[in-house]
Amino acid sequence: MSGVTILMVDDETEILKLMEIYVRNEGYTLLTASHGLEALEILKTHKVDLIILDVMMPQMDGIQACMKIREENNTPIIMLSAKSQEIDKIAGLSIGADDYVTKPFSPLELVARIKSQLRRYKQLNNRSVRDENEIQIDELILNVASHRVTVAGREIKLTPREFSLLHTLAINRGLVLSMDKIYTEVWNEPFMESKNTVMVHIRKLREKIEKDPQQPEYIKTVWGIGYKIE
C-alpha cells in the first residue's frame, strides 16, 4: 500500500526514531509529534491515513487528543500505553480508538496492527453509499430516503423507531455508543433510566436483521458501555 502517511504521537523520541525505520521499510511516510496539541496542528495541514497515539503525554494526552480528533475525523487510531489493565483498554476503545497496544511493544507487532487497520479502513470506505441516500455495510443496506432496509437482498420491515436506531448505529459505525447516547439520539429526549427500552429495541432489531441474534454479525454489544456496528 503506497502513498500511506502515518502520524505517530509520543513524547519518547527513541520510540519515534525506532518506528520511523520500521514504517519507512514498509514504504510508508511517518510524521511525528510529541503531544496531542502538536498532532492536531499537523492534521490541519496533512492528509493522514492512520494515527498512533500514546496515552501519557504532556500538554494534551492521548485520550484528550483522540476525543478531539474523533469530533471530525474517522482516521484509524491505535493507542499506545504502559497501562495494561482491561479497564484502560476499554476506556481507550470506547472514545473511538480502533486498537490498543501495550508498552513495551514489538515494532513488528505494531507494524502488523498498522497494516490490519489500514486494510479494515479501506474495506469500510469501499462499503458505503452507492448514492447519497444509501449506507451499505457488508450485505446490510439502508436507504435513508425511502427507509428501506435489505439484508442479502431480502427486504426487512422495520418500524420507524427501529430504523432510526439502526441508522444511528450505522452512521457511527466503528464507534461504541452508550445507552444514553443512543436513547437521546433515537428518542430525541433526555435519558431517564431508559436502559431497558434501548435493550428491548436492540433485541427486536437483531431478530430482524441478524442470521443468528445470539451471535450477531452487525450489532455488537460492548459490555458495560453500549453497542456498535463494525
The residue that is modelled with the lowest pLDDT, considering only those in segment 107-136 that are over 20 Å from the mean Cα position of the chain (by Cα) and in a loop (DSSP other than H, G, I, E, B), is ARG130
What are the residue pairs meeting all of these: first residue in segment 1-18, first residue assigned to a strand (DSSP E or B), second residue at pLDDT below 95 and open to solvent by 80 Å² or more (accessible area, probe 1.4 Å), Cβ atoms under 9 Å, and 6 or more apart or on different chains? THR5/HIS46; THR5/LYS47; LEU7/HIS46
Which of the residues that make up segment 21-32 are outside any helix (DSSP H, G or I) and either open to solvent by less than 30 Å² (accessible area, probe 1.4 Å) or outside the structural domain of PHE105 (by the TED database) (or both)? TYR28, LEU30
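Could you please let me know if PHE191 is at pLDDT below 90 and open to solvent by less than 80 Å² (accessible area, probe 1.4 Å)? Before you say what the answer is, go through the steps one by one.
Numbers: at pLDDT below 90: yes; open to solvent by less than 80 Å² (accessible area, probe 1.4 Å): yes.
It is true that PHE191 is at pLDDT below 90 and open to solvent by less than 80 Å² (accessible area, probe 1.4 Å).
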Within segment 136-185, track down each residue that is on the phi > 0 side of the Ramachandran plot and open to solvent by less than 60 Å² (accessible area, probe 1.4 Å). GLY174
Quick check on ILE209: is it within 28 Å of CYS66 (Cβ to Cβ) and either in the same structural domain as PRO76 (by the TED database) or buried (at least 16 other Cβ atoms within 10 Å of the Cβ) (or both)? no
Which number in (1) at pLDDT 90 or above; (2) assigned to a loop (DSSP other than H, G, I, E, B) marks the one condition that MET79 misses? (2)
Residue among HIS46, HIS35 that alone is of a type outside the set (D, E, K, R), in contact with a Pro (Cβ under 8 Å, 6 or more places away or on another chain), touching a residue at least 24 places away in the same chain (Cβ under 8 Å) and surrounded by fewer than 20 Cβ atoms within 10 Å (Cβ to Cβ): HIS35
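The values are calculated or read from the model by the stated rules, or taken from the named source; none is laboratory data. The shown structure was predicted, so the numbers you read here are calculated from the model rather than taken from an experiment. With ideal geometry, Cβ positions are generated from the backbone for all residues, glycine too; neighbour counts draw on all protein chains shown. Side chains are part of the model used for accessible areas, which takes the heavy atoms of the whole protein and leaves out ligands, DNA and RNA. Shrake-Rupley method; radii C 1.70, N 1.55, O 1.52, S 1.80 Å.
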